[in-house]
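Just below is one structure, and these are the notes that go with it.
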């Protein structure tokens, strides 16, 4: 390994160390309360060193959110891989996809929260985020959309999904509905239990069934 390669590897290690430390800080304190001083202290670097690798708090949190996206898509791919040669209908695949998203939201609530804050624009990520990070986020989003579009087309070929639907718009609507329902199940759990005697599991199950019924032929 040459000197330049070694230096680049060391930079990547430091960058990852800062991200790991920042993740603990943000998840413990929340985005609004966490500061770059907190991140520097947790990473055991000077604040100046942190700014060498990240130009803002927004950039760090954005990249943590991307970690969550990668994990969620990885779980989806694992689900598909585990299915192996078993043939399932598009409707069933969409249902399983919803199950993966819901499991992710329950098992990784902090990553899910970061994704929600991005999807609902609760945090302004327009400033302080590099084009490289933003492009990766867009690519992950497109990967998700393309998978949904593929399932919708498969369902149309199988005769289970309405052929009058615009597959791209329908994919975007389904994703928006999933985000909204999971966010409600996450943030309003006490309310829906107390006022409507409904568990998050029941709410999500009913919502997913309604979504699938709306596109069924």
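Scan the stretch 194-209 and tell me whether some residue there is within 30 Å of residue 59 (Cα to Cα) and either assigned by TED's automatic domain parsing to the domain that holds residue 92 or surrounded by 14 or more Cβ atoms within 10 Å (Cβ to Cβ) (or both). No - not one qualifying residue is present in the stretch 194-209. Could you tell me whether any residue of the stretch 154-169 is more than 30 Å from residue 56 (Cα to Cα), under 20 Å from the mean Cα position of the chain (by Cα) and either at pLDDT 95 or above or not assigned by TED's automatic domain parsing to the domain that holds residue 64 (or both)? For the stretch 154-169, residues more than 30 Å from residue 56 (Cα to Cα), under 20 Å from the mean Cα position of the chain (by Cα) and either at pLDDT 95 or above or not assigned by TED's automatic domain parsing to the domain that holds residue 64 (or both): present.
Of everything in the stretch 116-133, what is free of Cβ contacts under 8 Å to residues at least 60 places away in the same chain and either touching a helix residue (DSSP H, G or I) at 6+ places or on another chain (Cβ under 9 Å) or under 15 Å from residue 73 (Cα atoms) (or both)? Give them in sequence order.
Correct list: 118, 122, 126.
The helices (runs of 4 or more DSSP H) falling completely within the stretch 8-92 that include 3 or more residues that are under 24 Å from the mean Cα position of the chain (by Cα) and closer than 30 Å to residue 159 by Cβ map to 57-83.
Test of understanding: among 32, 16, which residue is exposed (fewer than 15 other Cβ atoms within 10 Å of the Cβ) and under 30 Å from residue 146 (Cβ atoms)?
16
Across the stretch 158-188, the number of residues qualifying as over 16 Å from residue 100 (Cα atoms), in a helix (DSSP H, G or I) and free of Cβ contacts under 8 Å to residues at least 60 places away in the same chain comes to 9.
The values are calculated or read from the model by the stated rules, or taken from the named source; none is laboratory data. Keep in mind that what you see is a predicted model, and the values were worked out from it rather than measured. Please note: Cβ atoms are built from the backbone with ideal geometry, for glycine as well, and neighbour counts cover all protein chains shown.
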